[in-house]
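Heads up: the structure comes next, in structure tokens.
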Amino acid sequence: MTKTVIQFVVLFLALVVLQLVGNKIVLFNVAMPVVFIYLILRLPVNLHGGWVLTVAFFSGLIIDIFNNTPGMNALACTIMAAIRRPVFNAFVSRENDMNIPIPSVDSMGVGDYFKYMATLVTVYCTLIFLIQAFTLHNIVLTLARIVASSALSIIIIFGLDTLVSTRREKRL
């Protein structure tokens, strides 16, 4: 248990640094990579819901502090964490076969993990950009930001998962 906690703390610190660097990169003024939510995606499925919400809230709050965005990331992360379990159950029905309950490409398979990850990343990007815009005045730009940031984040998180995942994880 302690080894897993230390791994998640190191992963969190690395993702925060990566996100702070990624915030300086905005492609075509629409696509911003969001990588720190990988921590929420990777939390064990059997972790109590209260812990998941707490970790998500504080990870969003840390990013809010560094970006000077008053609670936007914390809100989006908390909502994403709240729907994480139902989204997981929608795409994976074999939860009781899990030895290592950490969602990843190796444990879930490429198709199921991609659907799980893409759904949650899109939900997060939709929430954060709608909260940021707080209007439907320029809906085309907001939709372009949602689509472009989701696609860029999905590609980066999928690559991160292949680097972080170990081959020891049992397939579901």
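None of the figures in this text is laboratory data; all of them are computed from the coordinates on show. Note that the coordinates shown come from a computational prediction; the quantities given were computed from them, not determined experimentally. Cβ placement follows ideal geometry from the backbone for every residue including glycine, while neighbour counts extend to all protein chains displayed.
Table: residues versus (1) over 22 Å from residue 160 (Cβ atoms); (2) more than 11 Å from the chain's Cα centre (by Cα); (3) hydroxyl-bearing (Ser, Thr, Tyr); (4) part of a helix (DSSP H, G or I).
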residue: 25; (1), (2), (3), (4): no, yes, no, no
residue: 39; (1), (2), (3), (4): no, no, no, yes
residue: 45; (1), (2), (3), (4): no, yes, no, no
residue: 52; (1), (2), (3), (4): no, yes, no, yes
residue: 56; (1), (2), (3), (4): no, no, no, yes
residue: 63; (1), (2), (3), (4): no, yes, no, yes
residue: 66; (1), (2), (3), (4): no, yes, no, yes
residue: 70; (1), (2), (3), (4): yes, yes, no, no
residue: 75; (1), (2), (3), (4): yes, yes, no, yes
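Scanning the stretch 96-154 for residues that are of a type in the set (Phe, Trp, Tyr) and in contact with a Phe, Trp or Tyr (Cβ under 8 Å, 6 or more places away or on another chain) yields 114, 116. Within the stretch 104-128, count every residue that is hydrophobic (A, V, I, L, M, F, W, C) and without any contact (Cβ under 8 Å) to a residue 40 or more places away in the chain. The total comes to 2. From the list 50, 71, 60, which residue is surrounded by fewer than 16 Cβ atoms within 10 Å (Cβ to Cβ) and touching a helix residue (DSSP H, G or I) at 6+ places or on another chain (Cβ under 7 Å)? Step by step, each of 50, 71, 60 is checked, and only 71 is surrounded by fewer than 16 Cβ atoms within 10 Å (Cβ to Cβ) and touching a helix residue (DSSP H, G or I) at 6+ places or on another chain (Cβ under 7 Å). With respect to residue 92, is the statement that it is β-branched (Val, Ile, Thr) and within 21 Å of residue 156 (Cα to Cα) true? For residue 92, the condition - β-branched (Val, Ile, Thr) and within 21 Å of residue 156 (Cα to Cα) - is not met. Residue check: residue 87 meets all listed conditions (1) in contact with a Phe, Trp or Tyr (Cβ under 8 Å, 6 or more places away or on another chain); (2) in a helix (DSSP H, G or I); (3) touching a residue at least 40 places away in the same chain (Cβ under 8 Å) but one, namely (3).
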